[in-house]
Amino acid sequence: MEGKNIKNIIFDLGGVILNIDYNKTASAFKKIGGNKFDKLYSQFRQNNLFDNLEIGNIESSSFIHELKSALHLSGSDSQIINAWNAMLLDLPKERLELLKSVDKHYQIFLLSNTNKIHYDAYMAYFKTTYQLDFNSLFNKAYYSHEIGLRKPNNDCFEFVLKSHSLNSTETLFIDDSIQHIESANQLGINTYHHKEGCITKLFSTKGELLNILA
C-alpha cells in the first residue's frame, strides 16, 4: 500500500489518539471488590453487557446496575463510573496538532467502539484541557453507541464507507486491535496495526503519510 494512493484516513480513538490503559480499570474495580472484572472485559474480548453498552442497547444506569450484580459490588454508582473511566488517560497536544495537519491532505474520520459513560468523560476532558470541540477535527466522527454498530463487524466499516462514498482502496484504517484490522482488510480497506509509540511517526511534519506504510 502506497501513501500516495490514500485519500481518506479512518482513525480509531482509544490506543491510537487517546492514551488508554485497560489494566487501570481492572485495578480500580479490584480496589472496590470487583476482583473478577478482567474475566468480563479486556481489549480483546468482553461479554454481552459491554457489547450492548457500546451499541447503545442499554442505558448507562442499567449497565451500572447489571455490572454491580455481576461483580457482587455494593459501591455507589459514582464509584463504578470512576472505576470504569480509569482506563481513560491523556491526549498529547502533538496528536491534536497532527490531526489538524493531516486534515489538509486527506479526508479524516473517527470510528470508535465506545459508550456514553466514556464519551461524556473524554469530551469533558477535551473541553477542559484544550477548550476544544473534539469532533470538529474530523470530517465526521462515528461512535458505536450512537450508530448502533461496532467493530469488528463488517457492517460498521461499510456504514462509514457508504455514508461518504469512500473507495476502500483509497482509504486507510488505523487501529490498535488486530481483530478490527483483519475485518477491515476483508473489505479491501488499507490498514495499519498501531501497536506502540505515537501515530506522529506515520506522518511527515506537514501531515502527509510516510513510506513506513508501504
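The values are calculated or read from the model by the stated rules, or taken from the named source; none is laboratory data. These numbers come from a predicted model, not from an experiment. Note that each Cβ is placed from the backbone with ideal geometry, even for glycine, and that neighbours are counted across all protein chains shown.
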Handout entry: Selection status of Ser78, at pLDDT 95 or above, more than 21 Å from the chain's Cα centre (by Cα), surrounded by fewer than 16 Cβ atoms within 10 Å (Cβ to Cβ) and closer than 30 Å to Phe159 by Cα
Key = no
Exercise for the section: Tell me which residues, restricted to the stretch 143-163, are surrounded by 16 or more Cβ atoms within 10 Å (Cβ to Cβ) and under 29 Å from Ser78 (Cβ atoms). Expected result: Tyr143, Ser144, His145, Ile147, Arg150
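For every residue, the table says whether it meets (1) of a type in the set (Asp, Glu); (2) on the phi < 0 side of the Ramachandran plot.
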site: Asn135; (1), (2): no, yes
site: Asn139; (1), (2): no, yes
site: Tyr143; (1), (2): no, yes
site: Glu158; (1), (2): yes, yes
site: Leu161; (1), (2): no, yes
site: Ser165; (1), (2): no, no
site: Ser168; (1), (2): no, yes
site: Glu182; (1), (2): yes, yes
Completion exercise
Quick count over the stretch 122-140, residues being closer than 30 Å to Leu40 by Cβ and either touching a residue at least 40 places away in the same chain (Cβ under 8 Å) or not assigned by TED's automatic domain parsing to the domain that holds Ser183 (or both), is 1
Exercise for the section: Working only within the stretch 1-29, note down all residues that are over 20 Å from the mean Cα position of the chain (by Cα), outside any loop (DSSP other than H, G, I, E, B), surrounded by 15 or more Cβ atoms within 10 Å (Cβ to Cβ) and modelled with pLDDT of 85 or more. Expected result: Ser27, Ala28, Phe29
Practice task
Give the residues of the stretch 128-153 that are over 21 Å from Glu182 (Cα atoms), in contact with a helix residue (DSSP H, G or I) (Cβ under 8 Å, 6 or more places away or on another chain) and among the charged types (D, E, K, R), sorted by residue number.
Solution key: Asp133, Lys140
